[in-house]
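The values are calculated or read from the model by the stated rules, or taken from the named source; none is laboratory data. Since the structure is predicted, the reported quantities are computational estimates derived from the model, not experimental observations. Don't worry about glycine lacking a Cβ; one is built from the backbone with ideal geometry, like all the others, and counts go over all protein chains shown.
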């Protein structure tokens, strides 16, 4: 067996394949409340400014650290006893996503915009909860040597699901409704189909095993803290609550800052800015396609064929590059690629609708995203203490999304005021500080491998 074959064989590990399916379940809802929803709203006649503000429903991904301690430590009635703490929360969040997607499917933005927003918000919160659980499961399910492969498999499933929720949803909407022009029936069918695809995650959750994590030290510390409070005169229920909060909420964050000291602030700054270029750009990508005159079937065809191919190539390449060159070097490469590909959108805004150029842009965008995300997930995983995996990783991924999602809410105003070309160039420019942050982290913090 050649060295390349040995490297690639890691992707056939059972745990790696499980993470591929869970990544698919995790990635499916995002565009349904983000890019695809923006296309739906724009086609229904909703203004670009309103679409930009509408994207704030995805801020749920940026504040999920607020309830991650509950997901990490609080058992669900009946389910947790039968399935374990990770699988029970996973199944609960997946079923909630399916119910909320059905609600979105039966909401027409031309007459039921508020209802659509509420169901989209429910999808976002349930999806963020699912991300908390799956991230914790990934960190707990395998040793560090497999984390690069797990990240690549997870991200491959995630990106494929995003392509399905993007191009696939547009293709279904065009087939069931109208390719050009607004037809609510097509969007209803598309979102109901997306609800059905969530069964991939449900079935995987029912088949996988609960990861074995030794919580004895945490439980012992919590019990000792509770006993100490009771000895000081605190009532038993209040002492139990305070001990739980100390163990589930305070300890994970305190441990991170104790471990890294002042460098923790630099690390959090890098996490907060790393995805800013592609997230801010992503809100206006589909409205841009609509305004350029592309049909749903054209966008769907390009994303389904070239997007899928380049996603697979980018994910596999990203995982191998991380193992070969280390996480931070590929993190730098991914940041440069993610920012630079936005300039191609600016080029198209000047040249006009060109299907070949669209194919090139989407191909390079997916390749870049594959490399960058594989490195970024591996980096975040390396920062996480397995004793607090759900809460700490939720903190990192929340910080990752909060600033970009907030800024993205103003993207419609920028486009309306200055045009698409200036907007896309600006999204590339705001990625430049990320390179400096990676350089500083590389110098001050040992590279994660």
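The residue pairs whose first member lies in region 254-272 and is closer than 18 Å to residue 434 by Cβ, whose second member is modelled with pLDDT under 85 and not in a helix (DSSP H, G or I), and whose beta carbons are closer than 8 Å, counting only pairs six or more residues apart or on different chains, are 263/445; 266/445; 267/445.
Every residue, every condition in (1) under 19 Å from residue 165 (Cα atoms); (2) more than 22 Å from the chain's Cα centre (by Cα); (3) surrounded by fewer than 16 Cβ atoms within 10 Å (Cβ to Cβ), yes or no:
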residue	(1), (2), (3)
81	no, yes, yes
87	no, no, no
91	no, no, no
95	yes, no, yes
98	yes, no, no
104	yes, no, no
117	yes, no, no
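For region 396-415, the criterion of being more than 30 Å from residue 251 (Cβ to Cβ), without any contact (Cβ under 8 Å) to a residue 60 or more places away in the chain and more than 14 Å from the chain's Cα centre (by Cα) is met by at least one residue.
In region 49-58, of all residues being crowded, with 19+ Cβ neighbours inside 10 Å and at pLDDT 80 or above, the one that is nearest to residue 113 (Cα to Cα) corresponds to 51. Against the conditions (1) crowded, with 19+ Cβ neighbours inside 10 Å; (2) at pLDDT below 80, residue 2 satisfies every one except (1). The single condition among (1) touching a helix residue (DSSP H, G or I) at 6+ places or on another chain (Cβ under 6 Å); (2) modelled with pLDDT under 90 that residue 175 does not meet is (1). Applying the set (1) more than 20 Å from residue 399 (Cβ to Cβ); (2) within 18 Å of the chain's Cα centre (by Cα) to residue 34 leaves exactly one unmet item: (1).
For region 171-192, enumerate the residues that are closer than 12 Å to residue 102 by Cβ and buried (at least 19 other Cβ atoms within 10 Å of the Cβ). 188, 191, listed by residue number. Does residue 112 satisfy the criteria of being out of contact with any helix residue (DSSP H, G or I) (no Cβ under 9 Å at 6 or more places or on another chain), modelled with pLDDT of 80 or more and closer than 23 Å to residue 32 by Cβ? Taking the combined requirement at face value, the residue satisfies it.
Here is a yes/no grid of residues against (1) touching a strand residue (DSSP E or B) at 6+ places or on another chain (Cβ under 7 Å); (2) modelled with pLDDT under 75; (3) in a helix (DSSP H, G or I):
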{"position": "193", "(1), (2), (3)": "no, no, yes"}
{"position": "206", "(1), (2), (3)": "no, no, yes"}
{"position": "209", "(1), (2), (3)": "no, no, no"}
{"position": "246", "(1), (2), (3)": "no, yes, yes"}
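Count of region 59-74 residues, restricted to those that are farther than 29 Å from residue 112 by Cβ and touching a helix residue (DSSP H, G or I) at 6+ places or on another chain (Cβ under 6 Å), is 6. The sole residue among 272, 285 that is under 30 Å from residue 359 (Cβ atoms) and modelled with pLDDT of 80 or more is 285.
Yes/no matrix, rows are residues, columns are (1) in a helix (DSSP H, G or I); (2) in contact (Cβ under 8 Å) with a residue 12 or more places away in the chain; (3) under 25 Å from residue 279 (Cα atoms):
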residue	(1), (2), (3)
24	yes, yes, yes
27	yes, yes, yes
50	yes, yes, yes
55	yes, yes, yes
61	yes, yes, yes
86	yes, yes, no
114	yes, no, yes
